[in-house]
Each structure stands twice: as C-alpha cells, then as structure tokens.
1. How many of the residues making up the stretch B:341-379 are part of a loop (DSSP other than H, G, I, E, B), within 19 Å of B:Ala456 (Cβ to Cβ) and among the polar types (S, T, N, Q)?
2. Quick one: in the stretch B:304-327, which of the residues that are β-branched (Val, Ile, Thr) and farther than 12 Å from B:Gly294 by Cβ is surrounded by the most Cβ atoms within 10 Å (Cβ to Cβ)?
3. Of everything in the stretch A:87-120 that's in a helix (DSSP H, G or I) and among the hydrophobic types (A, V, I, L, M, F, W, C), which residue is farthest from the other protein chains (Cβ to nearest Cβ)?
4. Check A:Ile12, A:Ile5 and return the single one that is in contact with a helix residue (DSSP H, G or I) (Cβ under 8 Å, 6 or more places away or on another chain) and within 16 Å of ligand 2 (Cβ to nearest atom).
5. For A:Ser84, indicate whether it is within 16 Å of ligand 2 (Cβ to nearest atom) and among the small types (Gly, Ala, Ser).
6. For the stretch A:67-86, which residues satisfy the criterion of being in a loop (DSSP other than H, G, I, E, B), within 12 Å of the chain's Cα centre (by Cα) and at the interface with chain B (Cβ under 8 Å from one of its Cβ atoms)?
7. Restricting to the stretch B:217-263, name every residue that is in a strand (DSSP E or B), at pLDDT 90 or above and not β-branched (Val, Ile, Thr).
Amino acid sequence: MLLNIKDLHVSIHGKEILKGFNLSVNYGEVHAIMGPNGTGKSTLAAAITGREGYEITSGEIIYKGKNIIDLAPDVRANEGIFLSFQYPVEIPGVSITNFMRTALNAKREFMGEAPIPAGEFLKRMEEKKKLVDIQSKLTNRSVNEGFSGGEKKKNEIFQMAMLEPTFAVLDETDSGLDIDALKVVANGVNALRSEDNAFVVITHYQRLLDYIVPDFVHVMYDGRIVKSGGKGLALELEEKGYDWIKDYDVNR
Amino acid sequence: MKEEKENENILEEVTSSEYKYGFVTDIETETAPMGLTEDTVKFISKKKNEPEWLLEYRLKAYRYWLTIEEPDWALLNHPPINYQDIIYYAAPKQKEVKESLDEVDPELLDTFNKLGISLDEQKMLTGVAVDAVIDSVSVKTTFQDTLAKHGIIFCSFSEAVQNHPELVKKYLGTVVPHTDNFFAALNSAVFSDGSFCYIPKGVRCPIELSTYFRINAANTGQFERTLLVADEGSYVSYLEGCTAPQRDENQLHAAIVEIITFDDAEVKYSTVQNWYPGDKNGVGGIYNFVTKRGLCKGKNSKISWTQVETGSAITWKYPSCTLLGDNSIGEFYSVAVTNNMQQADTGTKMIHIGKNTKSTIISKGISAGKSNNSYRGLVRVSKKADNARNFSQCDSLLLGDKCGAHTFPYIKNNNRSSVVEHEATTSKISEDQLFYCQQRGIDTEKSIGLIVNGYAKEVLNKLPMEFAVEAQKLLAITLEGSVG
Ligand SMILES: Nc1ncnc2c1ncn2[C@@H]1O[C@H](COP(=O)(O)OP(=O)(O)OP(=O)(O)O)[C@@H](O)[C@H]1O
Ligand SMILES: [Mg+2]
C-alpha cells in the first residue's frame, strides 16, 4: 500500500475540519474525491502535504510504510508527494525554468545525487512542455504571474510531469478549464499513470472522470468519507446532487 | 551650580587636551596618534608627500568639519561616535600570511564555498600564501597594459596625486564639495587612499574595471576616496567591492565617490557592499557613511548606480546624480537587505537641471529579523529643466513582523512641463508563496532565497554577469536563519 490515512482529525485555529478521515490508496490506483464546498477536501490535501496551521490532533498518515505527520513539507515533497494546488501562487521574478531547476535539484540533493546537467534538464523541459501543450513563452515567464486560470492549472500539471511524483493530489485541477484544456490536463495525468504511482483527484465535476477514469470514487461530507464506490457513483452524484448523501450520513 | 559647571570645564579640558601633549610629529612613525587635530591632517598629508594645495584642501575641509554637527535626520540609531577615539592614519599593514586554509575561520570558508568562490580566490581573500597557480601580479600587469594601450588611467588615488596632479586638482571636490555634509568634510580632511580613473575622449573601456585589478590595492582604509572622470564619448563599467564578507577592525567608514561624465559619456558604477554587520545583536558591525555622487556635466551623458547592500551594521548612503547636461540620464538601482539588528537608510537624489533629462529609480528594500530598512530619495526638478522625466519605484519586502520598512520620497518639481512619477509598495513574503515552494521540495531557506531573488530581479539584472550570480547567492546567505 502506498498511502494509508487512519482516523485523521485535523483542526484549523482550534476548529475541527477533518473528523475521522480514512483512506487507503494502492500503487497504480486513481481515487476521486467529491463533496460539497467546505467539507474539507483541500484541508485533506494540506494535511497530507504538511502545511503549517493544519493541526493533526489525532490519527496517522502512513506513506510508504512510515507515518509522515512530523515531516517538513519539503521532505514530504522530496519523498514523492505532489500537490496540484486549487489556487496556484504567483512568485514574481522567478521563471518557471528557474523554479523547476531549483526544485529538481533539491530533490536530487535529497536523494544524494548531483545537480541535473543543463542539457538533460532542457530536454526534459521540452518533453514535458509537449505533454501538457504549453509554450516556451509561458515557461520563461515568472511562476503563475499574470497567468490565466487555465494556464495556472496547466502549469501545475507541467510541474507534476517534471517532478514525477509517486503520489499526487490534484485539487480541482479541472475547475476553470475549457474543454480542450481539460483534455490536455487529463492526457497529461494519464500519460504519467503507472504501476509505480497513484493519484487522488479532487473534483466537483464528473466530466473530468470521463477523461481520467478513477478506480474509486469517494464522497466527502463534513470532514469524512461518507460513501465510496466505483465510477458510477460520480454519475449518480451528478444526477441527484449531494442531498441524499447528507441523509445517508445522518442515517448511518 | 557654578561650581559644577567649572568642574565640567576642567574635566573637558583635561580629556580633550590629552593629545596636545602626546602628539608625536616624527614622520618616521607609521601610525598617527589617536584623535583628530590639524596636526593629524598635516601628518597624513606629509606621509603621503602631497603637494601644498592638497594639504590646503584637507585643512579647509577639517576646519569646516569642526563647525558642523553629525547629521541626525536618518532613521538610524547608534551610540555616539567619538571622533577623538579613532586612528586616522595607519600605513598599510602587511597582512599576516597564513600557511594554508586550515588556519582560516571555518565559518568564513563556509560562506566562501556557498558563494562558489574558487580556492585560489579564497586564499587571496584570507591572506593565505598563493602558490604558482595564478600569479596575481602578472594578471594585474597584463590588465594594466591593456588599459595603457587605450590611454586609460586607473591607479590608486595617492599615485594619481603624484603622477597626474593636474587632473586630480581639476576635479577633486567638484562633485562632492568638502562642505557637502559632515562625513564628506571628514573624508576630505583625512582620506587615506582610494582609486582614480580617467577615460579619455572616445574610449570605450574594453574591460570591467574593478579595484581588484589595481596594483597597490591593499588596504585603502576607512576613509576611501574615488574619483572617476569619463571624457567626451567614453564609456566605462566600474565594479566596487566584492561579495565575500569583509571584515575590518575600523568601525567607522566614510567614503566619497565622485563621478563626472562629459558629453555623450557613460559610466556604470556597480557596488556590492558586504561589510561585517556585527553579530546577531549588532555588536562589532561596521558603520558605513558614504557620499557618492555623479555629475552628468555633458549633454547626452549617463550615469547609472547599481548597488547591492547586504553588509554593515549601519548603512547611510545616497548615490546621486546631478543632471546638468541637456538630455542626460541618471539611474539608480538598489537592493538593500537588512537582517538581525542591521539598519540601512539609503536611497538617491536625482537633481534635474538640464532640459529633457531623465531619471529612473528602482529601489528594493528587504528587511528581516529586527532590522530597519529605509528608502530616502529626493527628486528635484529645477525651473529650467523642461520636459524632465522621473520614474521612481520603491518596494519593500518584509520577512517576519519584528522588522521595519520605511519610505521617504521627497519630490520638488519646479517645472510645469516635467513629469515625476512615484510608486511604492510594501509586501510580505506570504506563507502561501513559501508553502508553494516547499511543496515542490525546496527547503525554507532556499525558498526564501528564491522568492527574494525574484523580487530583486529587476535590479540584479543590471549587474555585470558574474557579479549578478554571486549577488544572488549573497542575498540568500544574508537571509539565512531569518525565518524559523
Ligand atoms: N486557513 C483557514 N483558516 C480558517 N478556516 C479555514 C482555513 N482553511 C479552511 N478553512 C475552513 O475549513 C473548511 C473546509 O475547507 P476546505 O478548503 O478544506 O473545503 P473544500 O472541501 O476544499 O471546499 P471547496 O470545494 O470549496 O474547495 C471550510 O469551512 C473553510 O472555511
Ligand atoms: Mg478546496
């Protein structure tokens, strides 16, 4: 098993947001997480990636057999955890090229490897830019600065492709994408999918799941998973909305 | 009451007259007695075998200095400086030669390594005997040969006084008069040495000039004097300082830099200042009070100042341009970083006198720890400066909430056809930015380095290439441990 989250409780400013969350992900799997606004999907992503201010009051996050809740965010990242942000951040004056080289070399240093040779780096950039259909015009610009919503999301997938994580969380990467961009993003993810990695895809729209076909769909409500199923569950949600889920939770 | 006053007078007399009796005029001694009197000034001038006019110049400055007070308008706090507690002249000391790098402070070496300074350079900077790998004297000689071919004069200030007295006499004090300010007066009285540079008409200096390549560059001391003259149609890029940490026993530094450009001449002056900032509590750091000014005397001439200020406990520095020639251009690009207890009050003055003169000011202040970082800038447009243009952008970046950033822009526009624009922003490194970088595997300190360098990029891009690369690393190192 790659990731096993056990009875996770997470508070922000003393307010409990995740209330006993459980999830296990095996190598090679894609899990989709759906659920109404404010139920704690992004909080889950923050807890997995180690963001400050998200206090784990109890529970465990076992990744590759180790509880990672005390590891720094950069260590988790270098261990292969990647987050495609719901709201990517602008870093003025830092080109994507420079940002990616810094990130790749940080990982290599962590693995005890020498910095990536310039030629190899550029080759990899070209290859991955093709994968998500972004232009050099964009990679020469500062990270996310003045990017359109769609460009920001493509840039997240581009970075994921560059860093080749073992476990990636995509937090609403499909929001704000036109249909062509959606296909590009999905193709990018599908190209990276293998038996050596796994994905958790957070989304509100079952449309994405037409392109990234998940092995499991989970519905989150009020800080925990209230229903799990196959791809069909997403269709059902689209049809009926979340109300019946809420009932489900109450009746449980 | 009266008795008390009398006691005070006696006390003062006793303490302040100490030197009268202790003064040794023997010019064989290598060090002036502590304190500053007319005799000290004469001693320095005599030691340097200076012509009468230069001694007169020094004395005039000294007498003026006696009549004025140290300025207190800057946002700086330091214990009062006792000007009688300073030795104003010491012959350049032979640096103690060490056998190997093993004898050098490991912390210093660590910084050198992070900066990527080569082993040989490290040895030179720390006074370790250099073996046959690079013969620095021969490098410098080739360098001097190249300059001589173009008729460029580049030598120590003392040499210039001996070998080109007419040039020194003609230009010394014409941009920064000894009456300019307290520290300028002090420097004019007691300056020890520095650099002199003259670029003849129509010559484009083929190499970047750095004091590193000047023969006799050893120990210019705490009162450095630089004079740079670019004759018609000439160009030079001049580098001052280095990114390696500079230690000095002298706490007070008061330098003067004067630049003059004639018609169509251009001077690019780049500085990296990394004097010892003191320990975490600010103890032992350098006080750096600098007067730098350029005069765009000729039409279409241009002076640009680029500075990266990371060192010193106190920085008081306003590289300025007087735009006298029509169509002349002044530029100021600055990154000033303060950490721990450091204080910086820095900025520029752009004085528009000629028609169609243009100036650009880009200032990036970065404060961390408990430091204070102020931008202070004056843009003055005189009545005759038709169509003058100024654009100023002053940004402050805060790391943490115990540091301060302040902006003091003074604008005096006396010409209706002129446009002065000022923009200012203050921002913090956001937790979002930091986390975004960390999530990509970059540790906290490298993340800060990355974000800060991005923030300062506009200015760093103005530096000559190798300088820029080192300056980037320097910024990151200066801010180490600032967030934790
Ligand atoms: N930094 C924070 N400070 C205070 N409250 C927060 C913070 N982050 C999240 N919350 C609160 O936690 C709850 C869960 O937020 P979260 O962002 O995890 O929801 P979500 O499921 O991702 O919603 P959406 O679908 O709208 O993205 C919300 O009530 C939100 O207001
Ligand atoms: Mg969310």
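The values are calculated or read from the model by the stated rules, or taken from the named source; none is laboratory data. All of these numbers come straight from a predicted model, not from anything done at the bench. Because the Cβ atoms are built from the backbone with ideal geometry, glycine has one as well, and the counts that use them run over all protein chains shown.
1. The first filter runs over the stretch B:341-379 and keeps only residues part of a loop (DSSP other than H, G, I, E, B), leaving B:341-342, B:353-357, B:368-371.
Going one step further and asking which of them are within 19 Å of B:Ala456 (Cβ to Cβ), we end up with B:342, B:368-369, B:371.
From what is left, the residues that are among the polar types (S, T, N, Q) are B:342, B:371.
Of the residues in that region, 2 qualify.
2. At the first step, the residues of the stretch B:304-327 found to be β-branched (Val, Ile, Thr) are B:306, B:308, B:310, B:314-315, B:322.
With the extra rule that they be farther than 12 Å from B:Gly294 by Cβ, the set shrinks to B:306, B:308, B:310, B:314-315.
Values: B:Thr306: 27, B:Val308: 31, B:Thr310: 26, B:Ile314: 28, B:Thr315: 29.
Filtering first and then ranking leaves B:Val308.
3. So in the stretch A:87-120, the residues in a helix (DSSP H, G or I) come out as A:96-110, A:118-120.
Next, from what is left, pick out any that are among the hydrophobic types (A, V, I, L, M, F, W, C): A:96, A:99-100, A:103-104, A:106, A:110, A:118.
Working: A:Ile96: 11, A:Phe99: 7, A:Met100: 8, A:Ala103: 4, A:Leu104: 8, A:Ala106: 4, A:Phe110: 7, A:Ala118: 14 Å.
Filtering the stretch A:87-120 for residues that are in a helix (DSSP H, G or I) and among the hydrophobic types (A, V, I, L, M, F, W, C), the one farthest from the other protein chains (Cβ to nearest Cβ) comes out as A:Ala118.
4. Values: A:Ile5 fails: within 16 Å of ligand 2 (Cβ to nearest atom).
Result: A:Ile12 is the single residue among A:Ile12, A:Ile5 that is in contact with a helix residue (DSSP H, G or I) (Cβ under 8 Å, 6 or more places away or on another chain) and within 16 Å of ligand 2 (Cβ to nearest atom).
5. On the way: within 16 Å of ligand 2 (Cβ to nearest atom): yes; among the small types (Gly, Ala, Ser): yes.
Spelling it out, A:Ser84 is indeed within 16 Å of ligand 2 (Cβ to nearest atom) and among the small types (Gly, Ala, Ser).
6. A:Phe85
7. Within the stretch B:217-263, the first condition is being in a strand (DSSP E or B), and the residues that meet it are B:224-230, B:235-241, B:246, B:252-253, B:256-261.
Keeping just the survivors that are at pLDDT 90 or above gives B:225-230, B:235-238, B:256-261.
Across the stretch B:217-263, the qualifying residues are B:Arg225, B:Leu227, B:Leu228, B:Ala230, B:Tyr235, B:Ser237, B:Tyr238, B:Glu258.
Residue-by-condition table, conditions (1) within 16 Å of ligand 2 (Cβ to nearest atom); (2) acidic (Asp, Glu); (3) within 14 Å of another protein chain (Cβ to nearest Cβ):
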{"position": "A:Phe147", "(1), (2), (3)": "no, no, yes"}
{"position": "A:Phe158", "(1), (2), (3)": "no, no, yes"}
{"position": "A:Leu182", "(1), (2), (3)": "no, no, no"}
{"position": "A:Leu208", "(1), (2), (3)": "yes, no, no"}
{"position": "A:Glu236", "(1), (2), (3)": "no, yes, no"}
